[in-house]
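Working notes, beginning with the structure itself.
The values are calculated or read from the model by the stated rules, or taken from the named source; none is laboratory data. Fair warning: this is a prediction, and the values are worked out from it, not measured in the lab. Cβ sites come from the backbone with ideal geometry, for glycine too, and all protein chains shown count toward neighbours.
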Amino acid sequence: MSTLSNVDIEKEIGNNIYIYPFSKNKLRGASYNLTASKLAWSLQTKKSVYDAQTNKLIIPKRSTVLIETNEAIWVSFKIAGTYHSKVALVSKGLSHIGTTLDPEYVGSSLIAVHNHSDQDVPLTPEEDTFVTLVFQYVRTEASVKPGNDPGRPDVLRGYDLSPEEEAWLDQDFRKIPDRLKNKLKGSQDFQEVLEKRTAFRVRLRSGAVYIVLVSLFVLNLIAYGYLSSRKEKIANQIWYDPAMNALFGSMFALPTALLTKLLADIGKN
């Protein structure tokens with residue numbers, strides 16, 4: 001496996017990776033930061049730790065909570081991942097129990113977070129990032145399909161889920177890749193990534209045109225010089241004069257085309 005950089009993630013988003021909500025600000029050099037949702041439960045009491053009055057998740061001291069990520073994720077068979085703790089939260093006494101992202105998984109991620117400190121730690125849902133996801137390319141397609149349902153309802157059996165929480169987990173885009181892709185397509189940040197991707201492809205094509213024009217000009221000069229040096233021996237050939245005229249004309253046409261292309265590109269910028 002090889003780790004995806006932010007450039008790789010931008011290349012794969014919308015193709016082999018879907019994330020919604022998607023934010024460019026959560027991209028890091030080789031990972032993507034995930035935010036906490038309002039869905040979080042104490043491992044000890046099986047009850048929600050979300051305080052609606054303050055809009056905070058309260059992670060009690062010396063305890064473990066299960067937090068659903070606000071982001072739903074899908075990856076193709078080409079991508080896997082690992083979840084890692086953030087240093088800023090570790091410094092407050094929090095750590096998560098490591099887990100993995102299997103190829104072809106879809107849904108939000110249920111992350112177990114332990115508070116080792118003697119103080120309650122608050123998180124603002126849908127704003128605070130609490131875990132970072134590192135993506136890797138899979139060398140060989142997995143022979144085992146993901147066995148976990150979206151959001152891990154199997155783990156949440158016995159927990160006190162409200163109807164609103166169950167409805168949140170049951171949203172189509174958190175379970176169906178095509179629905180998730182449609183949500184991603186409506187994201188402004190994703191549209192900006194698409195524009196950047198398109199601009200890069202245009203620059204590549206434009207660069208290729210310059211290379212072709214310059215290469216043709218150089219080959220034209222070489223051919224013209226070679227035929228000129230052999231004039232005494234081959235000038236009587238029926239093709240010689242038409243070839244020389246064509247090459248001579250190209251020596252003006254190609255630089256003209258190159259200059260026209262350059263001026264057009266400058267005008268676009």
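I'd like the full set of residues that are surrounded by fewer than 19 Cβ atoms within 10 Å (Cβ to Cβ) and touching a strand residue (DSSP E or B) at 6+ places or on another chain (Cβ under 6 Å), limited to the stretch 104-120.
Listed by number, the residues that qualify are A112, H114, D120.
Output the residue which, of all residues in the stretch 49-84 that are polar (S, T, N, Q) and not in a loop (DSSP other than H, G, I, E, B), is farthest from the chain's Cα centre (by Cα).
Residues of the stretch 49-84 that are polar (S, T, N, Q), as a first pass: 53-55, 63-64, 69-70, 76, 82.
Among the residues that remain, those that are also not in a loop (DSSP other than H, G, I, E, B) are: 63-64, 69-70, 82.
On the way: S63: 34, T64: 31, T69: 17, N70: 17, T82: 15 Å.
The qualifying residue farthest from the chain's Cα centre (by Cα) is S63.
Given the criteria among the charged types (D, E, K, R), within 24 Å of Q53 (Cα to Cα) and out of contact with any Asp or Glu (no Cβ under 7 Å at 6 or more places or on another chain), does D172 qualify?
Taking the combined requirement at face value, the residue does not satisfy it.
How many residues does the stretch 167-202 contain that are among the aromatic types (F, W, Y) and free of Cβ contacts under 8 Å to residues at least 24 places away in the same chain?
Total satisfying the criteria: 1.
Answer yes if at least one residue in the stretch 210-230 is within 20 Å of the chain's Cα centre (by Cα) and either under 30 Å from S48 (Cα atoms) or polar (S, T, N, Q) (or both), and no otherwise. I'd like the intermediate steps shown before the answer.
As a first pass, look at the stretch 210-230 and keep what is within 20 Å of the chain's Cα centre (by Cα): none.
Looking through the stretch 210-230, none of the residues is within 20 Å of the chain's Cα centre (by Cα) and either under 30 Å from S48 (Cα atoms) or polar (S, T, N, Q) (or both).
Looking only at the stretch 35-73, filter to residues that are closer than 16 Å to F130 by Cα and among the charged types (D, E, K, R); which one of those is surrounded by the fewest Cβ atoms within 10 Å (Cβ to Cβ)?
Result: K56.
For the stretch 233-267, name all the residues that are under 14 Å from F217 (Cβ atoms) and among the β-branched types (V, I, T).
T256, T260
Hey, D241 hits all of (1) at negative phi; (2) touching a residue at least 60 places away in the same chain (Cβ under 8 Å) but one; which does it fall short on?
Among (1) at negative phi; (2) touching a residue at least 60 places away in the same chain (Cβ under 8 Å), D241 violates only (2).
One line per residue, one yes/no per condition, for (1) within 17 Å of the chain's Cα centre (by Cα); (2) outside the structural domain of T54 (by TED's automatic domain parsing); (3) of a type in the set (G, A, S):
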| site | (1), (2), (3) |
| --- | --- |
| T100 | no, no, no |
| N115 | no, no, no |
| V121 | no, no, no |
| R139 | no, no, no |
| A142 | no, no, yes |
| K145 | no, no, no |
| K185 | yes, yes, no |
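Against the definition (in a helix (DSSP H, G or I) and in the same structural domain as N16 (by TED's automatic domain parsing)), how does E232 come out, yes or no?
no
I'm trying to understand the selection: among the residues of the stretch 5-63, which are of a type in the set (K, R) and within 25 Å of T198 (Cβ to Cβ)?
K11, K24, K26, R28 - these are the residues of the stretch 5-63 that are of a type in the set (K, R) and within 25 Å of T198 (Cβ to Cβ).
Considering only the stretch 154-171, state which residues are at pLDDT 85 or above, exposed (fewer than 12 other Cβ atoms within 10 Å of the Cβ) and out of contact with any Ser or Thr (no Cβ under 9 Å at 6 or more places or on another chain).
Within the stretch 154-171, P163, E164, A167 meet the criteria.
Run G151 past the list (1) modelled with pLDDT of 95 or more; (2) among the small types (G, A, S); (3) buried (at least 19 other Cβ atoms within 10 Å of the Cβ) and report the number of the one that doesn't hold.
(1)
Taking into account only those residues within the stretch 85-102 that are surrounded by 14 or more Cβ atoms within 10 Å (Cβ to Cβ) and over 15 Å from D120 (Cα atoms), which is modelled with the lowest pLDDT?
Looking at the filtered set, the residue picked out is H96.
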